[in-house]
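Q: Would you mind keeping the following structure in view while I ask a few things?
The values are calculated or read from the model by the stated rules, or taken from the named source; none is laboratory data. For clarity, every value in this text was computed on a predicted model and none was experimentally measured. Cβ sites come from the backbone with ideal geometry, for glycine too, and all protein chains shown count toward neighbours. The accessibility values were calculated without ligands, DNA or RNA, using every heavy atom of the protein model including side chains. Shrake-Rupley method; radii C 1.70, N 1.55, O 1.52, S 1.80 Å.
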Amino acid sequence: MELTSDLHGEPLPVSREGSIIASVSSTQDLKDTAHTMTDEELTEKVESLLLDKIKHGDKQALFQLGQLYFEQGQYESSRVYFERAKEQDFQAQYQLGVIYYDGLGCKTNHKLGVEYMTNIASSTAKLTKHIIHCAQFNVGRAYFQGYGVRRQSDKEAEKWWLLAADDGNPRASVRAQCALGMIYSREETLDLKKAFFWHSEACGNGSLESQGCLGVMYELGLGVKKDPGSAFECFKEAANRGNVYAMGHLVKYYYMRKLFTKAADLASRVAILGDINQMADETNCLPGYIRKGISMACFFYARALHMGQGTKENKEDAEKYYSRAYYFDADMCAMLQNVTTHGVI
């Protein structure tokens with residue numbers, strides 16, 4: 001699997017409590033009454049409490065209120081308070097970097113977004129310890145995409161991601177570890193042993209994307225000895241956790257071994273998926289590979305319907321799913337059609 005430009009940024013690490021509402025609700029001010037309120041009442045109470053704290057000079061409340069608005073998607077309001085908090089709060093700077101780079105509630109300003117992130121990514125301040133690796137990943141992302149920097153540079157991206165990955169530290173950026181696995185799978189920077197190493201590190205640290213990548217590497221013998229059993233385990237576990245690309249490969253695994261009922265059953269469920277961006281947000285998987293997974297499932301389901309393998313023959317529905325496979329990823333569909341023509345499938 002190669003890295004594609006539709007790479008999502010690393011969000012601000014959440015606090016131990018999770019959301020700002022949960023964090024503020026656990027304080028002495030609301031601890032005894034929060035459970036009696038509706039979600040709307042609690043949100044209004046937290047907002048009111050933070051505004052009162054700001055009025056009395058509480059600088060931390062500036063960030064907290066900005067984060068409350070950010071979590072609710074009120075990006076214009078959140079930016080106002082992050083701007084007020086940025087001089088004394090690195091987390092506010094981080095969120096401003098996200099807002100400007102991604103154009104959340106404002107005109108996109110990649111350059112300013114990268115400036116905020118680089119300030120954190122290069123900092124030696126102790127207060128950046130919990131966010132520095134995430135910022136380093138985002139700076140690497142900017143160089144990889146070529147936005148907000150002097151020029152696109154895979155070399156600079158690799159440099160920043162190596163810093164963010166921190167030798168596989170589970171508390172560092174797991175996204176950077178996965179990204180390194182993918183960047184070393186590209187023709188321009190090909191090093192499959194490094195790719196396997198970084199995907200293994202990321203997978204061990206919880207990366208769903210890398211678990212699917214390892215399945216492909218075991219299946220094809222890329223950077224590691226071919227191991228169909230390990231490939232199956234990676235695909236199966238990743239699929240169970242929501243990796244759509246792994247689901248597509250699992251359909252293929254079943255179909256190629258003539259387990260047609262299993263193949264058709266899984267393919268029928270994957271083939272109807274459609275909200276790519278939502279799935280990408282929920283799984284931290286690249287949208288392009290989610291599309292490939294759906295395309296694979298559609299193709300094999302179409303073939304099962306066409307041939308009556310593991311499901312009732314229905315040539316009309318088969319045509320619909322062949323078209324759907326092409327719609328989600330034309331290259332994947334063409335490749336599968338090609339190997340079918342040559343009798344591999």
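Q: Which residues, counting only those in the range 88-105, are open to solvent by 30 Å² or more (accessible area, probe 1.4 Å) and more than 19 Å from the chain's Cα centre (by Cα)?
A: Hits for the range 88-105 are 88, 90, 91, 105.
Q: Does residue 279 meet the test of being over 21 Å from residue 180 (Cα atoms) and touching a Pro at 6+ places or on another chain (Cβ under 9 Å)?
A: Considered against the rule, which asks whether it is over 21 Å from residue 180 (Cα atoms) and touching a Pro at 6+ places or on another chain (Cβ under 9 Å), residue 279 comes out as yes.
Q: I want to confirm something. Restricting to the range 1-58 and keeping residues that are assigned to a helix (DSSP H, G or I) and among the acidic types (Asp, Glu), which single residue is nearest to residue 221 (Cα to Cα)? Write out each step before concluding.
A: Quick first cut of the range 1-58, residues assigned to a helix (DSSP H, G or I) only: 20-25, 34-36, 39-55.
Narrowing further to those that are among the acidic types (Asp, Glu): 39-41, 44, 47, 52.
Values: 39: 51, 40: 53, 41: 56, 44: 56, 47: 55, 52: 61 Å.
It comes out as 39.
Q: Right, another one. Residue 82 passes all but one of (1) of a type outside the set (S, T, N, Q); (2) part of a helix (DSSP H, G or I); (3) open to solvent by 50 Å² or more (accessible area, probe 1.4 Å); which number fails?
A: Residue 82 satisfies all of (1) of a type outside the set (S, T, N, Q); (2) part of a helix (DSSP H, G or I); (3) open to solvent by 50 Å² or more (accessible area, probe 1.4 Å) except (3).
Q: Something else: Among all residue pairs at least 6 apart or on different chains, which show Cβ distances below 6 Å where the first residue, located in the range 227-249, is at positive phi and the second is among the β-branched types (Val, Ile, Thr) and part of a helix (DSSP H, G or I)?
A: 242/283
Q: If you don't mind, there's one more thing I want to ask. Could you please find all residues in the range 313-345 being modelled with pLDDT under 95 and not in a helix (DSSP H, G or I)?
A: 342, 343, 344, 345, listed by residue number.
Q: Identify all residues within the range 36-48 that are surrounded by fewer than 18 Cβ atoms within 10 Å (Cβ to Cβ) and hydrophobic (A, V, I, L, M, F, W, C); write none if there are none.
A: Correct list: 37 only.
Q: Tell me the residue from 140, 148, 97, 105 that is more than 12 Å from residue 12 (Cα to Cα), small (Gly, Ala, Ser) and in a helix (DSSP H, G or I), please.
A: Among 140, 148, 97, 105, only 140 is more than 12 Å from residue 12 (Cα to Cα), small (Gly, Ala, Ser) and in a helix (DSSP H, G or I).
Q: Any idea how many residues of the range 299-345 are touching a residue at least 40 places away in the same chain (Cβ under 8 Å), among the polar types (S, T, N, Q) and open to solvent by 40 Å² or more (accessible area, probe 1.4 Å)?
A: Within the range 299-345, residues that are touching a residue at least 40 places away in the same chain (Cβ under 8 Å), among the polar types (S, T, N, Q) and open to solvent by 40 Å² or more (accessible area, probe 1.4 Å) number 1.
Q: Being in a helix (DSSP H, G or I) and open to solvent by less than 20 Å² (accessible area, probe 1.4 Å) is the filter; apply it to the range 108-133 and report the residue that is nearest to residue 11 (Cα to Cα). Before the answer, list the steps.
A: Initial filter on the range 108-133 (in a helix (DSSP H, G or I)): 110-121, 126-128, 132-133.
Now restrict to residues that are open to solvent by less than 20 Å² (accessible area, probe 1.4 Å): 113-114, 117, 120-121, 128.
Values: 113: 13, 114: 14, 117: 12, 120: 14, 121: 14, 128: 14 Å.
Across the range 108-133, the extreme among qualifying residues is 117.
Q: Please determine, by comparing only the residues of the range 151-184 that are assigned to a helix (DSSP H, G or I) and charged (D, E, K, R), which one is surrounded by the most Cβ atoms within 10 Å (Cβ to Cβ).
A: Step one: of the range 151-184, the residues assigned to a helix (DSSP H, G or I) are 154-168, 174-183.
From what is left, the residues that are charged (D, E, K, R) are 154-156, 158-159, 166-167, 175.
Details: 154: 16, 155: 9, 156: 17, 158: 18, 159: 15, 166: 16, 167: 8, 175: 27.
That would be 175.
Q: State yes or no: is residue 61 modelled with pLDDT of 95 or more and either in a helix (DSSP H, G or I) or under 25 Å from residue 125 (Cα atoms) (or both)?
A: So residue 61 passes the test.
Q: What tally of residues in the range 197-251 results from selecting those that are farther than 25 Å from residue 170 by Cβ and either surrounded by fewer than 21 Cβ atoms within 10 Å (Cβ to Cβ) or acidic (Asp, Glu) (or both)?
A: 8
Q: Do the conditions hold for residue 239, that is, is it at pLDDT 95 or above and in contact with a His (Cβ under 7 Å, 6 or more places away or on another chain)?
A: For residue 239, the condition - at pLDDT 95 or above and in contact with a His (Cβ under 7 Å, 6 or more places away or on another chain) - is not met.
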